[in-house]
Amino acid sequence: MLENNDNGVLLNIENLKVVYKTDLETVEAVNNIFLTVTRGRTLGLVGETGAGKTTTALSILRLLPAATGRIESGKIEFNGQDILKLDENMMRVIRGNRIAMVFQDPMTSLNPVMTVGDQIAEAIELHNGKMPHDEVNRRVENILQMVGIMPQRRLEYPHQFSGGMKQRVVIAIALSCEPELLIADEPTTALDVTIQAQVLNMIKDLRDRLGTAMLLITHDLGIVAQTCDDVAVMYAGEIIEAGTVEDVFTGDRRHPYTAGLFNSLPDLRSQAKRLIPIPGLMPDPSNLPKGCVFAPRCGNRMDICEKERPGPVQKAKHRLSCHLYSLDRSSQHQEAM
Amino acid sequence: MQEKNIPLIETVELRKLFKLKGGSMLHAVDGINIKISSGETLGVVGESGCGKSTVGRLILRLIEPTSGQVLFNGQDISKFKGRQVHDMRRNMQIIFQDPYSSIDPRMSVIELIAEYLFIHKVFENKMETFNRAAELMDMVGLARRYASSYPHELDGGRRQRIGIARALSLDPKFIVCDEPVSALDVSIQAQILNLLMDLQEEFKLTYMFVTHDLSVVKHISDKIMVMYLGKCVEIADFDELFENPLHPYTNALLAAIPEPDISRRNKEMKVIRGEVASPINVKPGCRFAARCDDCMEMCRGNDPELIETSNGHSVACFKRVKAS
């Protein structure tokens with residue numbers, strides 16, 4: 001085991017830049033992001049479609065589509081070791097064993113012609129060399145019980161399970177090797193609300209029991225509020241705000257995009273009929289604006305926003321990339337007036 | 001004024017059973033009675049498979065009901081044939097969930113919007129038709145420069161605007177909105193919801209808004225109907241339903257929504273057990289009984305009727321009706 005003398009940091013991403021290159025265009029999917037997952041804590045990565053959330057997750061596991069996806073620069077440290085420097089063989093030891101991933105759609109991530117028991121056993125056998133059959137079976141049954149499926153059902157095929165149950169199977173496979181980090185990419189988006197609540201409760205419960213750190217990717221701020229300790233808000237390939245949930249949900253300083261997201265949520269408790277949307281659309285990632293990526297849609301836009309990309313401003317754990325909070329804000333602000 | 005009292009849309013014991021292989025019956029919609037007055041929005045919520053989209057399609061006669069009636073302005077449209085159905089569609093339209101699979105990818109935006117106008121021969125020449133289509137683009141907030149673009153070039157929000165323009169093109173009185181914002185991101189979802197509300201006000205439209213998302217339905221509806229396995233379990237005014245939900249299933253739905261509020265973080269999320277039962281060959285008895293904590297002897301075997309407990313608030317639950 002590697003030493004950890006870094007305040008419990010399990011995963012540390014620095015300056016990561018990922019592009020998708022095709023003959024026609026270069027899509028800047030992830031731009032110089034910083035991200036930290038702490039042992040035993042859950043980081044929520046929120047953002048809209050196309051913000052680069054899944055690309056970030058796939059680069060951690062080095063699963064980007066080989067033909068187009070490229071990690072241009074940066075480093076991803078897992079337990080202090082830069083995993084971008086590992087070769088494919090060493091990566092396979094980490095992948096599934098120490099970092100596991102749950103994908104969004106449980107219908108397509110299971111093999112339809114293999115029983116669920118065999119699929120869980122496959123993961124265990126792959127990472128545990130010569131484990132005797134009996135023990136593999138015992139572990140399969142234990143893990144099924146853990147995710148709330150009767151162990152007898154291990155002989156059934158995925159089509160015999162409902163959507164919620166399938167997602168439990170996928171989570172069982174991910175947890176079968178007791179990973180240190182679980183990446184869950186929209187694990188409940190395809191499920192109905194009452195089933196979503198069941199699965200989320202189960203994930204929370206298992207996470208607390210096993211002490212697994214988690215990177216939870218979602219577009220739902222409600223899920224973040226209920227399950228995460230830390231949050232990173234992603235927009236057009238950049239992390240524009242990050243901090244603890246308290247910083248982001250109740251802090252007095254907020255990125256205009258985060259504020260806009262909260263405003264546009266339909267609120268169960270408000271009496272207002274009309275919603276306050278964010279005008280416009282996310283910029284085309286093959287043609288990003290020169291300045292702040294959010295500037296074209298921002299209500300607080302200043303001259304500098306269109307010229308310069310804001311660097312992050314940090315206060316305790318709360319990190320914001322917005323000229324409003326830049327140090328030289330006062331002078332710029334006057335210029336804008 | 002007798003006219004005033006006739007709801008624009010009314011269904012009477014609307015029922016749709018799908019026949020399956022081996023003679024079993026799938027109860028998609030099982031006796032739904034709704035009334036929607038002119039200018040109102042009825043929100044229909046429920047989980048996947050509860051029959052909410054089927055109700056919308058039955059009303060438009062995109063599928064034929066097994067039994068029951070659909071009245072439009074007091075007129076029974078379930079007996080309409082051929083030409084009458086064609087004409088009826090001028091008054092009743094639908095906006096689909098997935099704006100990509102519901103439009104022809106090989107038609108340009110303006111052609112898509114003009115399609116219904118051509119089918120119904122609203123104008124005499126192409127020129128007038130395309131002018132009207134261009135007006136519709138303005139109405140739904142699509143810049144005219146997209147007129148000759150194809151759907152794949154547009155994002156989800158704009159594609160949904162095409163769907164809305166198409167539905168509006170014939171000046172309908174009633175529109176079924178079938179999960180129109182479910183595929184969209186929140187910031188775009190808010191834009192589309194606002195657009196739908198503006199259009200309703202401007203053209204005095206009547207909506208039936210079908211969705212699985214209670215927080216969306218609250219913003220747009222006057223009345224909300226909660227469905228479970230083909231039955232209406234509760235119907236009430238939107239504020240009443242949220243302040244005073246009666247049916248255990250409505251309560252469970254409300255409790256299951258993760259709220260973007262960290263002060264509620266540690267409250268125990270009340271989760272109902274089990275999953276929706278199969279709608280095939282349903283036995284009599286409350287459909288929710290197997291998942292209900294308040295299930296009593298009489299809930300199994302007897303169908304609870306939808307009973308009005310207070311003004312405009314009806315619930316189909318033995319326990320709640322008794323209590324009030």
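Odds and ends about this structure:
- Relative contact order, percent, chain A [alpha-carbon distance under 8 Å, six or more residues apart]: 19 percent
- Positive dipole terminus of the protein assembly as shown, leading residue within A:Asn89, B:Gly56, A:Ile143 (C-beta point charges): B:Gly56
- Among the trypsin sites (Lys or Arg not before Pro) in region B:69-104, those located in a DSSP loop and surrounded by at most 16 other Cβ atoms within 10 Å of their own Cβ are B:Lys81, B:Arg90.
- Multiplying the residue separation of B:Asn311 and B:Ala290 by 0.36 nm and removing their Cα-Cα distance gives an extension gain of 4.6 nm.
- Each 10 Å bin, from zero up to the one with the longest distance, holds this percent of the alpha carbon pairs of chain A: 5, 23, 31, 24, 11, 3, 1, 0.
- The translational diffusion coefficient of chain B, from Stokes-Einstein at 4 °C and 1.567 mPa s with a Kirkwood hydrodynamic radius over alpha carbon pairs, comes to 61 µm²/s.
- Take every DSSP beta bridge whose two residues both sit in the protein assembly as shown; close to 60 percent of them are antiparallel.
- Using alpha-carbon coordinates, inclination of helix B:156-168 to the longest axis of chain B, degrees: 80 degrees
- Whole-Å distance, taken between Cα centres, linking region B:86-106 and region B:290-315: 36 Å
- Remark on region A:61-181: Rg and Dmax equal 15.8, 48 Å (Cα only).
- Calculated FRET value between A:Phe262 and B:Gln75, using beta carbons and R₀ = 60 Å, to 0.05: 0.85
- Trypsin sites (Lys or Arg not before Pro) restricted to region A:218-287 and DSSP loop, no more than 10 other C-beta within 10 Å: A:Arg269
- Taking N as its residue count, the alpha carbon Rg of the protein assembly as shown over 2.2 N^0.38 Å: 1.03
- Helix B:186-203 vs. chain B, principal-axis angle (Cα, 0 to 90°, nearest 10): 70 degrees
- Antiparallel content of DSSP bridges confined to chain B, in %, to 5: 60 percent
- Value of relative contact order over chain B, rounded to a whole percent, pairs C-alpha under 8 Å and six or more apart: 20 percent
- Calculated P(r) tail over 18 Å for region A:8-134, as whole % of Cα pairs: 62 percent
- Peptide A:197-205 has a mean of 3 when you count, residue by residue, the C-beta atoms of other protein chains within 10 Å of its C-beta.
- Average other protein chain Cβ within 10 Å of Cβ, residues B:215-227: 2
- In loop segments of region A:1-109 as defined by DSSP, the GluC sites (Glu not before Pro) with at most 15 further C-beta atoms inside 10 Å of their C-beta are A:Glu3, A:Glu25.
- Net lengthening on full extension, B:Phe203/B:Asp171 (0.36 nm per residue, minus Cα-Cα): 10.7 nm
- Helix B:109-119 and the long axis of chain B differ in direction by around 80°, with both axes built from C-alpha atoms.
- Modelled this way, with points 7 Å down the Cα-to-C-beta line, the labels at A:Met131 and A:Asn7 are 3.6 nm from one another.
- Protection proxy ranking, peptides A:126-132, B:152-158, average beta carbon neighbours within 10 Å, highest first: B:152-158, A:126-132
- Residue mean of other protein chain beta carbons inside 10 Å, B:179-187: 5
- Pairs exceeding a 28 Å alpha-carbon distance, out of A:Lys315/B:Lys270; B:Lys52/B:Lys81; B:Lys223/B:Lys322; A:Lys21/A:Lys204; B:Lys173/B:Lys218: A:Lys315/B:Lys270; A:Lys21/A:Lys204.
- The calculated FRET efficiency for the pair A:Leu24 and B:Glu135, based on their C-beta separation and a Förster distance of 30 Å, comes to about 0.25.
- Mean separation of Cα contacts under 8 Å (6+ apart) over length of region B:215-265, as relative contact order %: 23 percent
- Spatially, region A:37-111 and region B:108-123 are offset by 47 Å when compared through their Cα centroids.
- Computed log₁₀ I(q)/I(0) - Debye formula, equal Cα scatterers, no solvent, region A:109-176, q 0.14, 0.18 Å⁻¹: -0.34, -0.57
- For region B:223-281 and region B:13-74, distance of Cα centres in Å: 21 Å
- Share, in percent, of DSSP beta bridges within chain A that are antiparallel, nearest 5: 60 percent
Each reported figure results from applying straightforward, stated rules to the coordinates on display, with no laboratory input. What you are looking at is a predicted structure, and each value in this text was computed from that prediction instead of being measured. Backbone-built Cβ (ideal geometry, glycine too); neighbour counts: all protein chains shown.
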